[in-house]
1. When the stretch 26-62 is examined, which residues are found to be surrounded by 19 or more Cβ atoms within 10 Å (Cβ to Cβ) and free of Cβ contacts under 8 Å to residues at least 24 places away in the same chain?
2. Looking at (1) touching a residue at least 40 places away in the same chain (Cβ under 8 Å); (2) surrounded by 18 or more Cβ atoms within 10 Å (Cβ to Cβ), which one does residue 154 not meet, given that it meets all the others?
3. All but one of (1) surrounded by fewer than 16 Cβ atoms within 10 Å (Cβ to Cβ); (2) away from the ligand (no atom under 12 Å from the Cβ) hold for residue 161; state the number of the condition that does not hold.
4. Which residue, of 134, 163, 196, is of a type outside the set (Asp, Glu) and over 18 Å from the mean Cα position of the chain (by Cα)?
5. Looking at residue 209, is it buried (at least 21 other Cβ atoms within 10 Å of the Cβ), within 16 Å of the ligand (Cβ to nearest atom), in contact (Cβ under 8 Å) with a residue 40 or more places away in the chain and of a type in the set (Asp, Glu)?
6. On the basis of being among the polar types (S, T, N, Q), out of contact with any Leu (no Cβ under 8 Å at 6 or more places or on another chain) and modelled with pLDDT under 95, does residue 65 make the cut?
7. Cβ-Cβ below 6 Å, separation at least six or inter-chain, first residue in the stretch 94-109 and crowded, with 16+ Cβ neighbours inside 10 Å, second part of a helix (DSSP H, G or I): which pairs?
8. Restricting to the stretch 172-193, give me the number of residues that are exposed (fewer than 14 other Cβ atoms within 10 Å of the Cβ) and more than 10 Å from the ligand (Cβ to nearest atom).
Amino acid sequence: MNKVIKIYEILKDTQPTYEETEHDWMRNGLSSTPFKHLVSCALSTVTTTARTVKACNALYAEVKNFDDIRKLSDERLIELIKPVAHYNRKARTLKKMCDIIVDDYDNRIPDTKEELLRLPGIGQKCANLMLNYKYEKPVIAVDTHIHRVINRLGIVRASTHEKSAEQLNDITPEEYKKHAHEWLIAVGMNICKPRKPHCSECPVSAYCDYYRQRAA
Ligand code: SF4
């Protein structure tokens with residue numbers, strides 16, 4: 001069994017999927033429809049889950065679809081999403097994204113990575129999450145937590161999230177792709193902290209380059 005498979009086999013048995021946790025994102029239904037999933041993801045960049053949930057709950061109390069967002073005044077949209085970082089810029093890009101989805105795609109969310117990446121405010125992470133969760137395409141989204149974990153483990157070597165995502169998707173067998181994001185993000189958020197990783201509690205420390213180098 002190679003190192004990548006060994007790691008996934010351990011994570012599968014030790015880390016929860018979103019459905020198995022009381023994760024605030026899922027509990028508040030931020031991904032309960034494709035519309036909410038895409039908008040929530042666009043609003044969540046460089047913002048904590050708690051603040052994203054606050055903004056999304058306020059927004060979804062007033063809008064049900066992309067056209068509803070287009071019809072909001074700029075001032076009202078900004079007021080609703082104010083808890084998230086860069087709310088002014090996000091309000092502008094969100095409206096542009098809604099224009100494209102309504103006018104160019106007849107209210108349909110595109111289902112290829114290339115088209116998703118052309119939507120304003122949608123980057124690699126949101127595009128991959130959309131493909132994985134809503135279209136059940138086998139692709140792993142990489143955020144800052146996962147980027148850190150997989151580089152420390154030494155299963156990828158990449159300076160950017162985009163390169164990490166490419167490498168991780170290349171080396172991950174199909175059977176692990178559906179939940180890999182959820183297992184790895186659980187490790188990154190709860191154990192493999194940026195400044196002080198809790199390596200003694202980590203179930204995959206036996207396969208971690210960073211841990212081995214620190215112990216040497
Ligand atoms: S052993 Fe430490 S550095 Fe390696 S993945 Fe686990 S917590 Fe992170």
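The values are calculated or read from the model by the stated rules, or taken from the named source; none is laboratory data. Predicted, not measured: the structure shown is a model, and the values here were computed from it. No Cβ is skipped: glycine too gets one built from the backbone with ideal geometry, and neighbour counts run over all protein chains shown.
1. Within the stretch 26-62, 40, 59 qualify.
2. Among (1) touching a residue at least 40 places away in the same chain (Cβ under 8 Å); (2) surrounded by 18 or more Cβ atoms within 10 Å (Cβ to Cβ), residue 154 violates only (2).
3. Every listed condition holds for residue 161 apart from (1).
4. Being of a type outside the set (Asp, Glu) and over 18 Å from the mean Cα position of the chain (by Cα) holds for just one of 134, 163, 196, which is 196.
5. Details: buried (at least 21 other Cβ atoms within 10 Å of the Cβ): no; within 16 Å of the ligand (Cβ to nearest atom): yes; in contact (Cβ under 8 Å) with a residue 40 or more places away in the chain: yes; of a type in the set (Asp, Glu): yes.
Considered against the rule, which asks whether it is buried (at least 21 other Cβ atoms within 10 Å of the Cβ), within 16 Å of the ligand (Cβ to nearest atom), in contact (Cβ under 8 Å) with a residue 40 or more places away in the chain and of a type in the set (Asp, Glu), residue 209 comes out as no.
6. On the way: among the polar types (S, T, N, Q): yes; out of contact with any Leu (no Cβ under 8 Å at 6 or more places or on another chain): yes; modelled with pLDDT under 95: no.
Spelling it out, it is not the case that residue 65 is among the polar types (S, T, N, Q), out of contact with any Leu (no Cβ under 8 Å at 6 or more places or on another chain) and modelled with pLDDT under 95.
7. 98/66; 98/69; 98/70; 101/66; 102/66; 102/67; 109/34; 109/38
8. Qualifying residue count for the region: 3.
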